[in-house]
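Asker: Pasting in a structure now, in structure tokens, and then I'll have a few things to ask.
Read-outs throughout are calculated quantities, based only on the coordinates presented, and are distinct from any laboratory measurement. Computed from a prediction, not measured in an experiment: that's the story for all the values here. Cβ placement follows ideal geometry from the backbone for every residue including glycine, while neighbour counts extend to all protein chains displayed.
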Amino acid sequence: MLKALLISLSENRRMRSIAEHSAIGKRVSGRFVAGTSIADAISVAQNVNRVGATVSIDNLGENVTNADEARHSAQLYNNILDEIGARGLQANVSVKLTHLGLDVDANLARELASNLVAKAASMNPRNFVRIDMEGSPYTQRTLDFVHELHRQPGHAGVVGAVIQSYLHRSEQDIANLIADGIRVRLCKGAYKEPPDIAYQKKSEVDQNYVKLMKMLLKSGIYHGIATHDPRMIEETMSFSAREKISRDAFEFQMLYGVRRDLQMKLVREGWRMRVYVPFGEEWYPYLMRRLAERPANLLFIVKNMLRG
Ligand code: FDA
């Protein structure tokens, strides 16, 4: 119940405005968000690289409501890629299509996403754009975009998708992505979805996760296994060992600030680890989704608030 409440709070505009403008809010969000500027994200990325993990930088923001905001967001991503290139960081970018204006004008979002992928493709070494997956009203459109972007000349291998194991449709979606040679990040899914399209029980979501993970690892394409769940990680490790799949053939991915102990353990053991580093002014919905995943994190927030 608390989980559902937190997810609905994540969509509450008034709460969001209050939180994002408060000093306490900014301090508390620091546990899961790198800061508000590109410089903050780059500095965190450097620290993460130093301890042996790679990074995906996400500029927080979604559902922009006009073309200027979409263009502004695309420009910011261009600047991030420039910084990554200039500093030789082991980092790529993650972007949401609604942040590039999908709700405003699909053609504009297409053009901005395509330019961003072209920019990543032109870098030396080539960079990579991960298109994050949003709620189910966007699933089909997002996958169509990724297939289309990937087919454009010079873009093969430079753009990838995200699949959520809570959706019933995901097995077919993964088969289609593999058929086109597209890199996938597999996660469980962070939105509230109805039972006719999504598994509701954790045991079912997990079971599907393991099934999809196996499809991905067997595909010979470089994918991301994004989870903090020790059981999913164990299953991945033992499957890769059984199938003699090299540790370089895929990567684990986790969120900045979540299970840092486990992130470090995997790096020490020689597994590839990518940390998803979000930054930006619009951190509220992101933070609330993280709290919904683990309401125990609320304790951490309250402690921080009491600290004054
Ligand atoms: P699950 O939620 O079942 O938790 C298993 C265990 O992990 C918990 O018992 C706890 O130990 C630990 N844990 C999980 N969340 C925690 C938290 N917030 N704080 C502390 N411990 C925690 N979703 C989406 O819909 N679209 C997307 O594009 C992405 N992108 C993405 C990128 C990356 C790199 C990651 C890691 C995740 C995403 N997600 C996402 C979010 C994902 O769908 C999912 O909501 C979270 O990863 C939580 O699911 P877990 O697999 O971690 O397991």
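Asker: Tell me, Kirkwood radius of region 1-145 from alpha-carbon pair distances, in Å?
Answerer: On the way: mean 1/r = 0.0606 Å⁻¹.
Taking the inverse mean of 1/r over all distinct Cα pairs, region 1-145 comes out at 16.5 Å.
Asker: Taking θ = phi - 60°, what integer Hz values does the Karplus form 6.51 cos²θ - 1.76 cosθ + 1.60 yield along region 124-136, in sequence order, with x for Gly and Pro?
Answerer: With the stated coefficients, region 124-136 comes to 10, x, 4, 9, 8, 10, 9, 8, 4, 9, 9, x, 4 Hz.
Asker: Further, regarding this structure: Could you give each residue of region 280-286 its phi-based ³J(HN,Hα) in whole Hz, using Karplus coefficients 6.51, -1.76, 1.60 with θ = phi - 60°, and x for Gly or Pro?
Answerer: x, 6, 9, 8, 4, x, 5
Asker: Between Q253 and residues 5 or more places away or on another chain, which pairs have amide H atoms under 5 Å apart, with H built 1.01 Å from N, and which residues are they?
Answerer: Here the answer is I225, A226, T227, R274, since their amide H atoms fall under 5 Å of that of Q253.
Asker: ³J(HN,Hα) across region 20-35 via Karplus (A = 6.51, B = -1.76, C = 1.60, θ = phi - 60°), whole Hz, x for Gly/Pro?
Answerer: 5, 9, 9, 5, 4, x, 5, 5, 5, 5, x, 5, 10, 10, 5, x
Asker: Can you tell me what share of the DSSP beta bridges in the chain is antiparallel? A percent to the nearest 5 is fine. Intermediate results must be reported in sequence, preceding the final value.
Answerer: Values: 1 of 30 bridges.
The antiparallel fraction comes to roughly 5 percent.
Asker: If amide hydrogens are placed 1.01 Å from N in the peptide plane, which non-local residues have theirs closer than 5 Å to the one on T36?
Answerer: The answer is G280.
Asker: Suppose we keep just the alpha-carbon trace of region 93-224; what are its Rg and Dmax in angstrom?
Answerer: 14.6, 45
Asker: Per residue and in cubic angstrom, what volume does the convex hull of the Cα atoms of region 135-177 have?
Answerer: On the way: hull volume 2.8 nm³, N = 43.
Hull volume over Cα atoms, normalised by residue count, gives 64 Å³.
Asker: Can I ask one more? Could you bin all the Cα-Cα distances of region 84-164 into 10 Å bins starting at 0 and give me the percent of pairs in each, rounded to whole numbers?
Answerer: Using 10 Å bins, I get a P(r) of 19, 53, 25, 4 for region 84-164.
Asker: Cα-based Rg of region 82-131 per 2.2 N^0.38 Å, rounded to two decimals? Please report the intermediate quantities before stating the final value.
Answerer: Working: Rg = 11.8 Å, N = 50, 2.2 N^0.38 = 9.7 Å.
Cα-based Rg divided by the globular estimate yields 1.21.
Asker: Given the Cα-Cα distance of V51 and I24 and 0.36 nm per residue of separation, how much length would full extension add, in nm? Provide the component values of the computation, followed by the final result.
Answerer: Values: separation 27, 0.36 × 27 = 9.72 nm, distance 2.93 nm.
6.8 nm is the gain from fully extending V51 to I24.
Asker: A further question on this structure: If the only charges are +1 at each Lys and Arg Cβ and -1 at each Asp and Glu Cβ, what is the size of the charge dipole of the chain around the Cα centre, to the nearest 20 debye?
Answerer: Values: 42 positive and 34 negative charges, 230 e Å.
Charge dipole, the chain, about its Cα centre: 1100 debye, nearest 20.
Asker: Right, something else. Mean projection of the alpha-carbon convex hull of the chain over all orientations, in nm²?
Answerer: Values: hull surface 60.9 nm².
Averaged projected hull area, Cα only: 15.2 nm².
Asker: Also: Rank F250, I197, V184 by how far each Cα sits towards the positive end of the charge dipole of the chain (+1 on Lys, Arg Cβ; -1 on Asp, Glu Cβ) and give me just the farthest.
Answerer: Sorting the options by dipole projection puts first F250.
Asker: At a Förster radius of 45 Å, what calculated FRET efficiency corresponds to the Cβ-Cβ distance of S37 and A241, to the nearest 0.05? Before the final figure, lay out the partial values.
Answerer: Working: r = 42 Å, r/R0 = 0.93.
Result of the calculation: an efficiency of 0.60.
Asker: Per-residue counts of other Cβ atoms within 10 Å, averaged by peptide: what ranking do you get for 56-62, 74-80, 261-267, highest first?
Answerer: Values: 56-62: 23.6, 74-80: 18.7, 261-267: 16.1.
Most protected by this proxy first, the peptides run 56-62, 74-80, 261-267.
Asker: Right, another one. So which lysines can K192 reach, going by Cα to Cα under 24 Å and dropping same-chain residues fewer than 8 places off?
Answerer: In chain and number order, the partners are K3, K96, K201, K202, K211.
Asker: Can you work out D for region 205-308 in µm² s⁻¹ from Stokes-Einstein, where Rh is the Kirkwood radius over C-alpha pairs, the temperature is 37 °C and the viscosity is 0.692 mPa s? Provide the component values of the computation, followed by the final result.
Answerer: Values: Rh = 15.4 Å.
Translational diffusion coefficient: 214 µm²/s.
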